[in-house]
Amino acid sequence: MLYVLDFPTLRQLLEPFGVLLNDRQEQQVLAYLELLLKWNKRINLTAIESPAECVTRHFGESLYLTKGIEVSGRLLDIGSGAGFPGLVLKLAKPSLSLTLLEPVAKKRAFLKEVARVCELGPVVARGERIEDFGQAQGTPRFDLATARAVGALKQLVPQAVRCLNPRGMICLWLGHAQTAGLDHIRPRLDWRPPMPIPLSRGREIWVGSVPRA
């Protein structure tokens, strides 16, 4: 199959993020990229049209979390959109149990198609918003919650924490201006030193965990 990028170029683009993928995972990334560019002509998935920039901004930045923490167990991806970071982390860590929260039906259809074409295994895509999902009876508890390119952190963080196990962590991809008020969000979290994202202009990954009682 001919892809929009070749394998050496993909490896070169991901090199700054320090992530090594096996042959199968590289094929999955390129198949995912093909679907993203194709579907983006019909529905609004990303403002980025350059394949190379899609690799660095979406795939590289998502995968970079694996350099800072162990990504395993049950993952809740909030406001999944085009699947970043949730589906990409599932691609890198196939044993993840992944739940995607995406209220837009067309985007959920895209997420399911990526999971099918890339053979990512079982992936749950749900249409609730986090405020409704976290309050529903019988909601499972997660080891990780991720959110990228979302706002309203004062509301989102407490709602995400309700969905976490006692030792769970929330991982946020943030611009510098968004990080100023994190220490004032309740409940207070233990924040690790932020991870500056390679090739970005001030964007960071913030990882917070619920303090032990």
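Each value in this text was obtained by applying a stated rule to the coordinates, not by laboratory testing. What you see is a predicted model; the values in this text were computed from it and never measured. Cβ coordinates were reconstructed from backbone atoms using ideal geometry, including for glycine residues, and neighbour counts include every protein chain displayed.
Hey, with R₀ at 25 Å, roughly what FRET efficiency would residue 26 and residue 129 work out to, going by the Cβ-Cβ distance, to 0.05? Efficiency, from the Cβ-Cβ distance: 0.15.
Stretched out fully, how many nm does the piece from residue 113 to residue 43 gain, at 0.36 nm a residue minus the Cα gap?
Details: separation 70, 0.36 × 70 = 25.20 nm, distance 1.38 nm.
Full extension from residue 113 to residue 43 adds 23.8 nm.
Among beta bridges from DSSP that stay inside segment 60-169, the antiparallel ones total about 0%.
Dipole magnitude for the chain: about 540 debye, using +1 per Lys or Arg Cβ and -1 per Asp or Glu Cβ, origin at the Cα centre. A Förster radius of 30 Å, combined with the Cβ-Cβ distance separating residue 201 from residue 136, puts the computed FRET efficiency at roughly 0.20.
Add -39500 (n - 2.57) for each DSSP H run of 4 or more in the chain, then divide by its residues: what number comes out at 222 nm, to the nearest 500 deg cm²/dmol? For the chain, the value works out to -8000 deg cm²/dmol. Between rounded, prolate and oblate, where does segment 69-146 land on the alpha carbon gyration tensor, with a ≥ b ≥ c its root eigenvalues, rounded for a/c under 1.5, else prolate if a/b exceeds b/c? Here segment 69-146 falls in the oblate category. Taking label points 7 Å from Cα along the Cα-to-Cβ direction, residue 50 and residue 190 give a separation of 4.1 nm. Computed from the Cβ-Cβ distance with R0 of 30 Å, the FRET efficiency linking residue 104 to residue 212 stands at 0.20. Legend: helices of the chain (whole DSSP H runs) are marked when their alpha-carbon atoms reach 15 angstrom or more along the helix axis and their mean Kyte-Doolittle hydropathy is at least -0.5; marked are 23-39, 105-117. Taking the DSSP beta bridges in segment 7-209 as the whole, what percent of them are antiparallel, to the nearest 5? Antiparallel: roughly 35 percent of the beta bridges in segment 7-209. Taking the Cα centre of each part, how many Å lie between segment 76-130 and segment 1-61? That distance is 16 Å. Here semi-axes √(5λ) of the Cα gyration tensor in Å was computed from the coordinates, and among (1) 42, 19, 16; (2) 36, 23, 17; (3) 27, 19, 16 the match is (3). For segment 7-209, averaging the sequence separation of C-alpha pairs within contact (under 8 Å, six or more residues apart) and dividing by the residue count gives a relative contact order of 17 percent.
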